[in-house]
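Input: a single structure, listed below in structure tokens.
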Amino acid sequence: MRVLFVSDVYFPRVNGVSTSIRTFRQDLASLGVDTCLVAPSYAAPDAPSEEPGVLRVPATKVPRDPEDRRMGWRALTRALDALPGGRFDLVHIHTPFIAHYAGVRLARRADIPAIATYHTFFEEYLHHYLPLVPAPLARFLARSFTRSQCAAVHALIAPSEPMRAVLTGYGVTTPIHVVPTGLAADRFRPGDGRAFRARAGIDAGRALVTYIGRVAHEKNIGFLLRMFREVIRSVPGALLVIAGEGPAREALRQQAGHLGLAEHVHFAGYLERDSALLDCYAAADVFVFASRTETQGLVLLEAMAQGTPVVSTAHLGTRSILVPGSGALVVPEEEDAFAAAVVRVIGDLNLRQELGKRGLAYARQWSSSAMARRLAELYGQLRGAPRVLRLARASD
């Protein structure tokens, strides 16, 4: 089977969508599913692709967002139209922007099924990026936009059961299949925590509380900073590491200063995924997370795969990961309660070891190869779907 992936983001842009795409492509290949990915170029025009099977489309920078790129409609549709006719059995769309509309267009022209993965909970994102739009209107727009896009494809993939429930609650009637992104085998390669500390100039015995992920407003990192102010009252030498890049970094740096935490917060920036990132996970005494917008929360599993204890809230998709026995302490989004859990883990070596052991065993259950098999089976079921969908629409 041959599947065309279309996405508005991909590496070197680091986020959950990029990770999901690469993980699935690698495992699908071992199952005999050939994939081609069309995504923005982050380099100079006509620069060669660094990865086989990736077609880069010329793109421009997004104002006030140095991480992302915006493909032009003409450039993207030309690239898709230039692909050999009859080459693909299915189109898999991964983002709701221009890639969605171009992917649906191609699928209809080629009379092949289109499937989309709902990676992003836009209802929670919009108020951060459209602050002048009243919250009720933003929610209405997000839900209407989602229903419209979901109706244009033959099937949807939700990364978690709670995300499927959200889409069903919106009134989405397109069939929804829950297929999480699994952990690739290389995520279990032990990182070198001492090496990370040495490179960052962090004392080997200093207590590290670590967040890894996109440094964006919707990730609720501001709450982690306020919570950490309570942590250092009990553990004065503790350091909060924030690893990743994103538009909220400068605002968070200023917030840390206002809270008197400038000497207690280390912004590690972007870390190479296959080396320094694993070292950062391994260096942590406790991994913390409080995002309300995750459709899954893959970083939680990545922390567990390094044997790092997790303290987290459980919202939306993270509820499907943070189950009893997962090696995590699940706490409410309250500064005192969250901080108390962090202090407890820092101060109890036996608890850290036990949580780390449980987390590692639990993470091994999330095999990426098993998730890819589920996706490949879904692809097989969708063959021949376009005519059925078109007839159904004509009868509406």
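Conditions tested, residue by residue: (1) in contact with a Phe, Trp or Tyr (Cβ under 6 Å, 6 or more places away or on another chain); (2) of a type in the set (A, V, I, L, M, F, W, C).
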position	(1), (2)
Ser234	no, no
Ala238	no, yes
Ile242	yes, yes
Glu245	yes, no
Determine whether segment 54-64 contains at least one residue that is over 19 Å from Ala107 (Cβ atoms), exposed (fewer than 12 other Cβ atoms within 10 Å of the Cβ) and touching a residue at least 40 places away in the same chain (Cβ under 8 Å). yes
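Among the residues of segment 140-159, are any free of Cβ contacts under 8 Å to residues at least 60 places away in the same chain and of a type in the set (Val, Ile, Thr)?
Yes: one or more hits.
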Of all the residues that make up segment 263-274, how many are under 15 Å from Ile221 (Cα atoms) and part of a helix (DSSP H, G or I)? 1
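Could you identify the single residue in Phe228, Phe223 that is out of contact with any Leu (no Cβ under 9 Å at 6 or more places or on another chain), in the same structural domain as Leu259 (by TED's automatic domain parsing) and modelled with pLDDT of 95 or more? Break it down into steps so the answer makes sense when it comes.
On the way: Phe228 fails: out of contact with any Leu (no Cβ under 9 Å at 6 or more places or on another chain).
Unique residue meeting the criteria: Phe223.
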Qualifying position, being surrounded by fewer than 17 Cβ atoms within 10 Å (Cβ to Cβ) and closer than 26 Å to Asp274 by Cβ, among Ala29, Ala82: Ala29
Taking segment 247-297, which residues are among the aromatic types (Phe, Trp, Tyr) and more than 17 Å from the chain's Cα centre (by Cα)? Phe267
If only one of Val323, Val342 is surrounded by 14 or more Cβ atoms within 10 Å (Cβ to Cβ), in the same structural domain as Ala282 (by TED's automatic domain parsing) and either of a type outside the set (Asp, Glu) or closer than 19 Å to Ser20 by Cα (or both), which one is it? Val342
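Each row is one residue, and each column tells you yes or no for (1) touching a strand residue (DSSP E or B) at 6+ places or on another chain (Cβ under 7 Å); (2) crowded, with 16+ Cβ neighbours inside 10 Å; (3) within 28 Å of Ser368 (Cα to Cα).
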site	(1), (2), (3)
Ala165	no, no, yes
Gly169	no, no, no
Val179	yes, yes, yes
Gly182	yes, yes, yes
Ala185	no, no, yes
Pro190	no, no, yes
In the set Thr35, Thr23, Thr95, Thr77, which member is under 24 Å from Ser148 (Cβ atoms) and either of a type in the set (Phe, Trp, Tyr) or in contact with a Leu (Cβ under 9 Å, 6 or more places away or on another chain) (or both)? Thr77
Identity of the residue in segment 167-217, more than 15 Å from the chain's Cα centre (by Cα) and of a type in the set (S, T, N, Q), that ends up nearest to Leu277 (Cα to Cα): Thr210
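Report yes if some residue within segment 345-355 is at positive phi and buried (at least 21 other Cβ atoms within 10 Å of the Cβ); otherwise report no. Full working, then the answer.
Initially, segment 345-355 is screened for residues at positive phi, giving none.
So far as segment 345-355 goes, no, none of its residues is at positive phi and buried (at least 21 other Cβ atoms within 10 Å of the Cβ).
The values are calculated or read from the model by the stated rules, or taken from the named source; none is laboratory data. Not measured: the values here are computed from a predicted model. Note: ideal-geometry Cβ built from the backbone for every residue, glycine included; neighbour counts use all protein chains shown.
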